[in-house]
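Working notes for the structure below.
The values are calculated or read from the model by the stated rules, or taken from the named source; none is laboratory data. No experiment lies behind these values; they were computed from the predicted model shown. Don't worry about glycine lacking a Cβ; one is built from the backbone with ideal geometry, like all the others, and counts go over all protein chains shown. Accessible surface areas use protein heavy atoms only, side chains included; no ligands, DNA or RNA. Shrake-Rupley method; radii C 1.70, N 1.55, O 1.52, S 1.80 Å.
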Amino acid sequence: MAPKESAADTRRYFLQTAFLQKAVEASKIKVSKKEAEKWAQKMMRAMDQQLANNGEDFEKYYEGTGTTEKELMDEFIKEAEKQLKSRMVLYEIAREQNILKH
């Protein structure tokens with residue numbers, strides 16, 4: 001059983017998330033459409049596996065949510081862009097702080 005999260009831990013998490021979001025918004029780093037689409041495809045494969053593990057498939061998912069494959073992929077591309085940009089920003093911060101030796 002995992003230890004209970006304290007109010008301080010929760011606050012720290014939200015502050016870190018807010019900091020990263022601000023850093024990403026201020027960043028001039030760009031994510032290529034090709035990279036975002038590639039990452040989104042990985043997200044689709046992971047979701048397909050999760051659905052299969054639960055005895056479901058995309059057809060049932062689309063029917064149940066009233067969405068289409070294109071709508072889901074568009075959402076995944078947006079999320080992929082955010083995730084990739086966040087990773088790049090964190091990498092740059094770590095590099096500038098000499099946390100990484102590159």
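Quick rundown of the values:
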read-out	value
Filtered residues of the range 1-56 (kept if over 15 Å from the mean Cα position of the chain (by Cα) and among the polar types (S, T, N, Q))	S6, T10, Q16, S27, S32, Q49, Q50, N53, N54
Enumeration of residues in the range 76-92 that are more than 11 Å from I29 (Cβ to Cβ) and of a type in the set (A, V, I, L, M)	I77, A80
Conditions (1) in contact with a Phe, Trp or Tyr (Cβ under 9 Å, 6 or more places away or on another chain); (2) closer than 20 Å to F19 by Cα; number of the one not met by K82	(1)
Entirely in the range 1-91, the helices (runs of 4 or more DSSP H) that have 1 or more residues that are out of contact with any helix residue (DSSP H, G or I) (no Cβ under 9 Å at 6 or more places or on another chain), hydroxyl-bearing (S, T, Y) and open to solvent by 100 Å² or more (accessible area, probe 1.4 Å)	7-26
